[in-house]
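This is the structure I have questions about; it appears just below.
The values are calculated or read from the model by the stated rules, or taken from the named source; none is laboratory data. Quantities reported herein were computed from a predicted structural model and do not represent experimental measurements. Ideal geometry is used to build each Cβ from the backbone, glycine not excepted, and the neighbour counts take in all protein chains shown. Note: accessible area is taken over every heavy atom of the protein model, side chains too, but ligands, DNA and RNA are not part of it. Shrake-Rupley method; radii C 1.70, N 1.55, O 1.52, S 1.80 Å.
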Amino acid sequence: MGIDMRFGQCFMIAVLFGLASMPARADFQVFACEPEWTALVRAFMPDARFTTATSYLQDPHYIEARPSLIAAMRRADIAVCTGASLEAGWLPTLLQRAGNPKVQSGRPGLFFAADHARLHAPHEHVDRSMGDVHPEGNPHVHLSPDQLPRVAEALAERLGELRPEAAADIKTRYIQWRGRWNSHRADWQEAATELQGQAVVVQHTSFSYLLRWLGVEATIDLEPKPGLPPSASHLSALLSEPGLEGARAILIASHQDRQPAEWLAERTGKPVLVFPGTVTDEAPTENLAGLITTIVNGLEETMAGASDGSL
């Protein structure tokens, strides 16, 4: 056997051995119910493959269990969702039709973020007359500067359990993520000193965790009941609400209809602030820290303008 042939065989053996010893992360399939969880898993496993069921322009309460999502769920190694009944209208159907044993209830491949957080406003009794109310509490926990690190830690641990060969890398990336998050949190705390005691009009509870953390009060809700679109009569009644005068702005999410907020703005002179309710595909809101920073900066700018009369 010639030297070139022996060298070629040795080279191929070395390559194959190297590939076999590499952590199998590129084939790890992640199904995320909302974009925030895609962003968070990507921070820990950037080489994974992702399917995201919703976007920042969609209401995550109302998604169709379409064939492409069923196929993606069937391939998933992990499904990461919010829980707390946020996806109750479509996730059970998706899981049932996919028939993937890895991501069924009680299996490690199904991760609910809300299970690892303390939710605001739980209800002992819920019925349809109350609107879109979640008995477990407000599910929009991804915008909580304090709650999200708990979710992130639990998620990193779960990913490490599912991919033990990559567990050390995942833990390292989590520690790096946590360091960056703490740095951002310090900046948000500084902004909170300026925003403390301010008030806004909102639509739904999408931003409630962040507003509460900042000390900003949501005095009025454009929705007559959670999840119900504002009616003309309800909007007219808001004009006589005592809390309206002290509100500095009207805050809504990108997926919500702007017309009710703009109707109220025309009659009160209050600015309308529209922010994504979750991460987007573009900077600076492509991750949760960037999204929160964008919202905080927008609130600061608006409140400052309202104070000096420039709005």
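Roughly how many percent of the accessible protein surface of the chain is carbon and sulfur, given a 1.4 Å probe and a whole-percent answer?
Values: 8070 of 15460 Å².
Of all accessible area on the chain, carbon and sulfur atoms account for 52 percent.
Evaluate the charge dipole of the range 164-304 about its Cα centre and quote only its size in Debye, nearest 20, assuming +1 on the Cβ of each Lys and Arg and -1 on the Cβ of each Asp and Glu. Mind dumping the intermediate values first?
Details: 11 positive and 18 negative charges, 64 e Å.
For the range 164-304, the charge dipole is close to 300 debye.
Need one number: nm distance between label points at Glu241 and Gln58, each 7 Å from Cα along Cα→Cβ, rounded to one decimal.
My value for the distance between the label points is 3.0 nm.
Which net charge results when you count Lys and Arg as +1 and Asp and Glu as -1 among the other residues whose beta-carbon is under 12 Å from that of Gly179?
+4
Something else about it: Please compute, over every Cα-Cα pair in the range 215-306, the percentage with a separation greater than 16 angstrom.
Taking all Cα-Cα pairs of the range 215-306, the fraction more than 16 Å apart is 58 percent.
Another question, then. Order 70-81, 107-118, 225-236 from most to least packed using the mean count of other Cβ atoms within 10 Å.
Result, highest mean first: 70-81, 107-118, 225-236.
Starting from the exponent 0.38 and prefactor 2.2 Å, build the expected Rg for the range 64-123 from its residue count and divide its actual Cα Rg by it.
That ratio works out to 1.15.
If I model a spin label at Gln104 and His120 as a point 7 Å from the Cα along the Cα→Cβ vector, what separation in nanometres do I get?
3.8 nm
Let me ask something else about it. If you take every residue apart from Ile250 with its C-beta less than 12 Å away from the C-beta of Ile250, what net charge results, scoring Lys and Arg +1 and Asp and Glu -1?
+1
Further, regarding this structure: What percent do you get for the relative contact order of the range 151-251 when only Cα pairs under 8 Å and 6+ apart count? Each step should come with its number before you reach the end.
Numbers: 101 pairs, mean separation 23.2, N = 101.
Taking the mean separation of contacting Cα pairs over the length of the range 151-251, I get 23 percent.
Roughly what angle does helix 259-268 make with the longest principal axis of the chain, taking Cα atoms, 0 to 90 degrees, to the nearest 10?
40 degrees
Take Ser183 and Ala232, extend 7 Å from each Cα along the Cα→Cβ direction, and tell me the distance between the two endpoints in nm.
Placing both labels 7 Å beyond Cα along the Cβ direction yields 5.3 nm.
Let me ask you something else. What's the whole-number percent of alpha carbon pairs in the chain lying beyond 28 angstrom?
Every Cα pair in the chain considered, those over 28 Å come to 46 percent.
Going toward the positive end of the dipole of the range 118-274, with +1 on Lys and Arg Cβ and -1 on Asp and Glu Cβ, which of His234, Leu214, Pro224 do you reach last?
Leu214
Once the piece of chain linking Thr294 and Gln176 is laid out straight, how much longer is it, given 0.36 nm per residue of separation minus the C-alpha distance between them?
40.3 nm
In debye to the nearest 20, how big a dipole does the chain give about its Cα centre with +1 on each Lys and Arg Cβ and -1 on each Asp and Glu Cβ?
Value, rounded to 20: 1140 debye.
Roughly how many Å² is the accessible area per residue of the chain, as a whole number, for a 1.4 Å probe? List each step's numbers first, then the result.
Details: 15460 Å² over 311 residues.
Value for the chain: 50 Å² per residue.
What order do you get for 151-159, 266-274 when each peptide is scored by the mean count of other beta carbon atoms within 10 Å, highest first?
Working: 151-159: 20.6, 266-274: 14.9.
Per-residue Cβ counts within 10 Å, averaged per peptide and sorted highest first, yield 151-159, 266-274.
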